[in-house]
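Novice: After the structure tokens below, expect a handful of questions from me.
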Amino acid sequence: MKTFLKNNIYVFMWLGFAVFMELFSITFTDCKPYLSSPLYFLLILFSFCLILFLVPNRIAKIVIVSLLMIGQTALCVGFIYLYESNGTFFDFSMINMRDDAFGTIEDLSLNWVHFGISLGVLVLFVGVMIGLEVYFRKHHAQKFKEKKQFKISVGVVTALALVCLTIIPVFDGVIQGQNSYQNMLFNNNSSVYQQKGITANAVYEMLSGSLANKVKYDDLTPVDEALSEENENLYLETSQFNGISEGNNLIMLMVESFDWYPFTLYYDAETINEIYPNITKFMQNGIVLNQYYSREKTDTSENNALLGSNPTGKYVNYDFENNQYPYSLVNMFKNKYPDAVANAFHQNTGSFYNRKVLFESYGFDYFYDIDDMADFGVTNEWNEDSFKGERTKDSETMLHMVETMFPTDQQFLTYWLTFSMHGYYVERENFRNFVYVDQYGVEYENGYYGYLDAKGVFPESEEKKANYLRTYAAAVKDFDEALGIMMDYLEENNLLENTTIVMYADHNTYYNNLSKYGKGIDETYNSELYRIPAIIYDQKLYDAYKDYAGEDAMQVVYGTDNNEDYKCLTVSKFTNTIDLIPTVFDIFGIKGYNDLYPGTSIFIEDVESIIYSRAYGIFVTDKLICYSADSLLYTCEGFTEEDRLDFIERAEEYLRIKEITDLVFYSDYFASHEYVYPPNS
């Protein structure tokens, strides 16, 4: 055994260094230096140990453990960069999007403290191993036979394997417990990195994303019962505005990375009205969801708005892209209005988030991507030499696609995902390399940057984050131009009074933590970081809601002293992306099955939903952020036990429906079960 230990000293050294690297690295993700669920990580280490013990040659061990340390160091450095650049943990969907994701990297800002120490630890590890091997060869010639050593290794491996076999059933139970819906609300006290670590989470995501089926669907009785006439709450609840928009066209406008602060926190209302005239006009003539929040990635927000839900553990866009979705917003709209046309638009590739395939399953007649738009004169600036890697502007897309987006000869449902504000936010040539002409016909050299300079707002700075904000302000300006083109076209073609426009942000500007800088919030967890714009424009609905809500509903948007004179008609209850489909169904008079949609109409005053962010493993409301009800990360001022109990009640209802919708996703329920459209839907 002494010989065995000496021959495997490098394996034990690797174990120590690997544990240090893991615990050291997670501290850079706001975690404490320990793992709350270490079994994942330990089983990975034991698995490699079993292999390494069977390698009789010490030089081979040095090579293997060095490669393992290099791999772990690269993994930790890369995922720390990912976390610090946009606040996200690694998940399997990033593998599916790897080609597009690399194209979005404009500013490689490593954490040099973590990188330097990690590199130093790696060099120290390799140096100590080489030094020890030189010492052993000089002072202690091998006095054992490799055959005998191999037998000892086999004995140790067998013993460890037996230990692992006894652990695996317990380990499996832990996995099942952590994946249970009840455990999502209770007893989940930490982030995935605090639980598993960076390395184990990467392995876990790769296995669960590519192999594991986290939902057992042998028994579909819960779905059958949810859709049965015997269900007392069979249909979504409706408000007093039910059916008010019936017969309208519908525009769903998901604005990428849209945040309040450029036009609420920095300048007075008069200046903002001058810089962003179309957005402010849209707000002043629409209903602003003043307590709308999102802590989602784009695909999650998109699917919530078009489908009403997302699966636990897998991804609609890649795992269930060919499912049957008769209950999607598009299919429900087309069922009510058979002659309507439904098209989707995004000036990126159709493979991004697999939209070209998924949107067909959702019921769209066609999805126009950047390749399709090229036939209409839209430039793919991502591939253009002069703007290499930059997003095609929203204004250019709208200018060339407006007639296709909004047909004048038939009812339509149009979905447009914008692109200009999709960050990072280093300076962009396509925001500078043109002459901008404002609403008064005045020309400005250097594009939007020249315009901002002329107005004396968002000046160029030596501070990196301030320049990010400047580019973001320019991106908001480009979207403002696109919105103006759209609204003018609808008005000129007499479509505006019979069109409902739902404009909503998919998430905040989490790239490079710009929301923290823009809003002046230092905390990692603060609900106000995720409070973002959502506005409904509908002339009939606006008048009816204003008559109902009265002057009390005229409130300052994202209330600051800078815009006290800038009030809009608002809905002030907590809302998020899962509430959008129930709201559209409500005002269009479309009946939906209650247990297929965890959200509720924004006009039902006494019911509020919650956010469960799959990508971040947290619950979010306007009053709290938590991993679970017994692990609160953030509470607002004046938070009470009554608020916590109210959250638990709402979360339990959300998770009840989530369990049903997961069964629908994983079993492709409507491929084998008839979907009966509710009456009048």
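The values are calculated or read from the model by the stated rules, or taken from the named source; none is laboratory data. From a predicted model like this one, the values you see are computed outputs, not experimental measurements. Methodologically, a virtual Cβ is constructed for each residue, glycine included, from the backbone with ideal geometry; neighbour enumeration extends over all protein chains shown.
Novice: Give Leu289, Leu306 a once-over and let me know the one that is of a type in the set (A, V, I, L, M, F, W, C) and over 24 Å from Met398 (Cα atoms).
Specialist: Of Leu289, Leu306, the one residue that is of a type in the set (A, V, I, L, M, F, W, C) and over 24 Å from Met398 (Cα atoms) is Leu289.
Novice: Further, regarding this structure: Please count how many residues of the stretch 310-342 are within 24 Å of His400 (Cα to Cα), surrounded by fewer than 21 Cβ atoms within 10 Å (Cβ to Cβ) and in contact with an Asp or Glu (Cβ under 8 Å, 6 or more places away or on another chain).
Specialist: 1
Novice: What helices (runs of 4 or more DSSP H) lie completely within the stretch 182-282 and have 3 or more residues being of a type in the set (A, V, I, L, M, F, W, C)?
Specialist: The qualifying helices (runs of 4 or more DSSP H) are 198-210, 269-275.
Novice: For the stretch 82-95, check the following and say yes or no: at least one residue is within 27 Å of Val128 (Cα to Cα) and at pLDDT 75 or above.
Specialist: No, the stretch 82-95 contains no residue that is within 27 Å of Val128 (Cα to Cα) and at pLDDT 75 or above.
Novice: Right, here's the next one. Looking for whichever is closer than 20 Å to Ser294 by Cα and part of a loop (DSSP other than H, G, I, E, B) here; the options are Ile602, Ile590, Ile578. Which one fits?
Specialist: Going through Ile602, Ile590, Ile578 in turn, just one is closer than 20 Å to Ser294 by Cα and part of a loop (DSSP other than H, G, I, E, B): Ile602.
Novice: Picking from Asp606, Asp579, which residue would you name as being of a type in the set (Asp, Glu) and within 20 Å of Ile660 (Cβ to Cβ)?
Specialist: One residue alone meets the criteria, Asp579.
Novice: Could you list, ordered by first residue, the pairs with Cβ atoms under 8 Å in which the first is in the stretch 111-139 and within 30 Å of Asn513 (Cα to Cα) and the second is surrounded by 15 or more Cβ atoms within 10 Å (Cβ to Cβ) and of a type in the set (D, E, K, R), at least 6 apart or interchain?
Specialist: As it stands, the answer is Asn111/Glu84, since those pairs meet every condition given.
Novice: Quick check on Tyr81: is it in a helix (DSSP H, G or I) and either among the hydroxyl-bearing types (Ser, Thr, Tyr) or in the same structural domain as Tyr424 (by TED's automatic domain parsing) (or both)?
Specialist: yes
Novice: Here's another thing I want to ask about it. Taking the stretch 241-273 only, how many residues are among the acidic types (Asp, Glu) and surrounded by fewer than 20 Cβ atoms within 10 Å (Cβ to Cβ)?
Specialist: 3
Novice: Tell me which residues, restricted to the stretch 581-598, are of a type in the set (Phe, Trp, Tyr) and either out of contact with any strand residue (DSSP E or B) (no Cβ under 8 Å at 6 or more places or on another chain) or at positive phi (or both).
Specialist: Phe585, Tyr597
Novice: Right, another one. Step by step: first the residues of the stretch 535-568, then only those that are at pLDDT 95 or above and either small (Gly, Ala, Ser) or assigned to a strand (DSSP E or B) (or both), then the one that is nearest to the chain's Cα centre (by Cα). Which residue is that?
Specialist: Only one residue fits best here, namely Ile535.
Novice: Could you grab me the full set of residues in the stretch 242-272 that are in contact (Cβ under 8 Å) with a residue 60 or more places away in the chain and farther than 25 Å from Pro582 by Cβ?
Specialist: Within the stretch 242-272, Tyr261, Pro262, Phe263, Thr264, Leu265, Tyr266, Tyr267, Asp268, Ala269, Thr271, Ile272 qualify.
Yes/no per residue for (1) of a type in the set (Ser, Thr, Tyr); (2) closer than 16 Å to Glu256 by Cα:
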| site | (1), (2) |
| --- | --- |
| Asn493 | no, no |
| Glu497 | no, no |
| Thr500 | yes, no |
| Tyr504 | yes, yes |
| Ser527 | yes, no |
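Novice: Evaluate the stretch 362-383: report whether one residue or more is part of a helix (DSSP H, G or I), within 30 Å of Ile660 (Cα to Cα) and not aliphatic (A, V, I, L, M).
Specialist: yes
Novice: I've got another one for you. Anything in the stretch 622-631 that is surrounded by fewer than 23 Cβ atoms within 10 Å (Cβ to Cβ), of a type outside the set (D, E, K, R) and either under 17 Å from Gln291 (Cα atoms) or modelled with pLDDT of 95 or more (or both)? List them, or say none.
Specialist: Result: Leu624, single match.
Novice: Among the residues in the stretch 427-441, are any surrounded by fewer than 20 Cβ atoms within 10 Å (Cβ to Cβ) and not in a loop (DSSP other than H, G, I, E, B)?
Specialist: Taking every residue of the stretch 427-441 in turn, at least one turns out to be surrounded by fewer than 20 Cβ atoms within 10 Å (Cβ to Cβ) and not in a loop (DSSP other than H, G, I, E, B).
Novice: Another question, then. Can you confirm whether the stretch 597-608 contains a residue that is surrounded by fewer than 20 Cβ atoms within 10 Å (Cβ to Cβ), over 27 Å from Pro679 (Cα atoms) and modelled with pLDDT under 95?
Specialist: No, there is no match, as no residue in the stretch 597-608 is surrounded by fewer than 20 Cβ atoms within 10 Å (Cβ to Cβ), over 27 Å from Pro679 (Cα atoms) and modelled with pLDDT under 95.
Novice: Now for a separate question. Any residue in the stretch 176-196 that is outside the structural domain of Ala629 (by TED's automatic domain parsing) and surrounded by 14 or more Cβ atoms within 10 Å (Cβ to Cβ) sitting within a Cβ distance under 6 Å of a residue that is modelled with pLDDT under 70 and not in a helix (DSSP H, G or I)? List the pairs, counting only those 6 or more apart or interchain.
Specialist: Asn179/Lys214
Novice: Could you please give the count of residues in the stretch 21-37 that are farther than 19 Å from Thr73 by Cβ and surrounded by fewer than 17 Cβ atoms within 10 Å (Cβ to Cβ)?
Specialist: Residues that pass the stated criteria total 4.
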